[in-house]
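Participant: Take this structure, written in structure tokens, and hold onto it; I'll ask about it next.
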Amino acid sequence: MRCSEDITASTVPIASPGDPRHHGSRSRVPPSRRPRRREGRDGGYVTAETALVVPTLVLLMGVLLWATGAAVTALQCSDAARAAARAAARGESEETVRGTALALAPQGAEVTRTRDDALHRVRVTARTPTAGPLPAVRVATEAVAHVEP
């Protein structure tokens, strides 16, 4: 072999700085041109699970709101019956006792008052609000107060 032969013809050409093969900077392929990797065969399971879970959560939330409304109705009836029984025990008139109960009870409530010897009983009955297919439930509470001297 002669020393004067050009050895650059047999070597790999040197990359210029703008060339992606340049050693000084690594090539970064934009995300839109990267091939998509499939990490298994579960591509549609998340969608199917979401399609089942979301309606279930919405139904659960509706039932919880309906139950909360029923509890609030029961508390309002209880407060109304207690206040009316105290008013009756103090000797207030029938109209005042009924007005006290209806002021605290939910709209559309029914009030009944009975007296047994030294006890006044007031019963307040109301219906819970409905929520879609969930029915209205009848709630009744009763309070008893001893006649005040």
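The values are calculated or read from the model by the stated rules, or taken from the named source; none is laboratory data. All of these numbers come straight from a predicted model, not from anything done at the bench. Glycine gets a Cβ as well: all are built from the backbone with ideal geometry, and neighbour counts include every protein chain shown. In case anyone asks, the SASA skips ligands and DNA or RNA and just uses the protein heavy atoms, side chains included. Shrake-Rupley method; radii C 1.70, N 1.55, O 1.52, S 1.80 Å.
Participant: Of all residues in the stretch 73-93, which are at pLDDT 95 or above and acidic (Asp, Glu)?
Facilitator: Asp79
Participant: Of the residues in the stretch 102-133, how many are over 20 Å from Gly69 (Cβ atoms) and either in contact with a Lys or Arg (Cβ under 8 Å, 6 or more places away or on another chain) or surrounded by 14 or more Cβ atoms within 10 Å (Cβ to Cβ) (or both)?
Facilitator: Residues in the stretch 102-133 being over 20 Å from Gly69 (Cβ atoms) and either in contact with a Lys or Arg (Cβ under 8 Å, 6 or more places away or on another chain) or surrounded by 14 or more Cβ atoms within 10 Å (Cβ to Cβ) (or both): 10 in total.
Participant: Let me ask you something else. What pairs come out if I take residues in the stretch 50-76 that are open to solvent by less than 70 Å² (accessible area, probe 1.4 Å) and pair them with residues that are among the small types (Gly, Ala, Ser) and assigned to a helix (DSSP H, G or I) whose C-beta lies under 7 Å away, six or more apart or interchain?
Facilitator: Qualifying pairs under 7 Å: none.
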